[in-house]
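Input: a single structure, listed below in structure tokens.
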Amino acid sequence: MSTNFVVDSCVLIEYFRTKDKSVTWFYRLLQEQRKMSLSTVVIFEVLSGADGAQREFWKGFFHGIVRLPLDERTAEIAADLFRTLRQKNVRLESSDLFIAATAIANDLPLATLNRKHFEQVDGLRLLVPEMD
């Protein structure tokens, strides 16, 4: 299965927390026939904040979704991004750095609701919701 975007955890969490799923941006992306993948770091972020039934929901949700590993190439890209951002005096959490590096390593845009977290990352294409 080919993919055309990497999803950030905030997009999934918004979907999970919203009662009417059809109003979420994630739902709209899927309606556009977009195919997603996710960084294994997103799995860590989501599961670390989940408990009991939530963990079971997420494990079922993740089943069958293309997972992009944190491999050596991705780690090298993350290290380069870290150095570049540090020179600009920009701080990015490690998990966001690895998620951005995963998207770059796989030449895919990152779908996120947190534009400010990622907009200063060179080489990262963002997929963000249009402001209504």
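What follows draws every value from the coordinates through simple rules; no lab data is involved. Being a predicted model, the structure only gives us computed values, none of them experimental. Note that we place each Cβ from the backbone using ideal geometry, even for glycine, and neighbour counts take in every protein chain shown.
Secondary structure note: in the chain, about 0% of the DSSP beta bridges are antiparallel.
Mean separation of Cα pairs under 8 Å and 6+ residues apart, divided by the residue count of the range 5-127: what relative contact order is that in percent?
Relative CO of the range 5-127 lands at 31 percent.
Write out the GluC sites (Glu not before Pro) in the range 16-74 meeting two conditions: DSSP loop, and at most 11 other Cβ atoms within 10 Å of their Cβ.
Working: sites: 32, 45, 56, 72; in loops: 32.
Listed in order of number, the matching sites are 32.
Among the listed values (1) 43, 35, 28; (2) 115, 26, 12; (3) 43, 40, 25, the one matching Cα extents along the principal axes in Å as calculated from this structure is (1).
Computed per residue of the chain from DSSP H runs no shorter than four, each worth -39500 (n - 2.57), the mean residue ellipticity at 222 nm is -15000 deg cm²/dmol. The spacing between the range 10-57 and the range 64-82, judged by their C-alpha centroids, is 20 Å. Lysine pair count for the chain with Cα-Cα distance under 28 Å and sequence separation of 8 or more or different chains is 9.
Annotation: for a label point projected 7 angstrom from Cα along Cα→Cβ of residue 113, residues of the range 44-58 with backbone N closer than 15 Å are 46. Applying 0.36 nm per residue to the separation of residue 4 and residue 130 and subtracting their alpha-carbon distance, the gain on full extension is 43.6 nm. Between residue 120 and residue 73, the modelled labels are 2.8 nm apart [label points 7 Å from Cα along Cα→Cβ].
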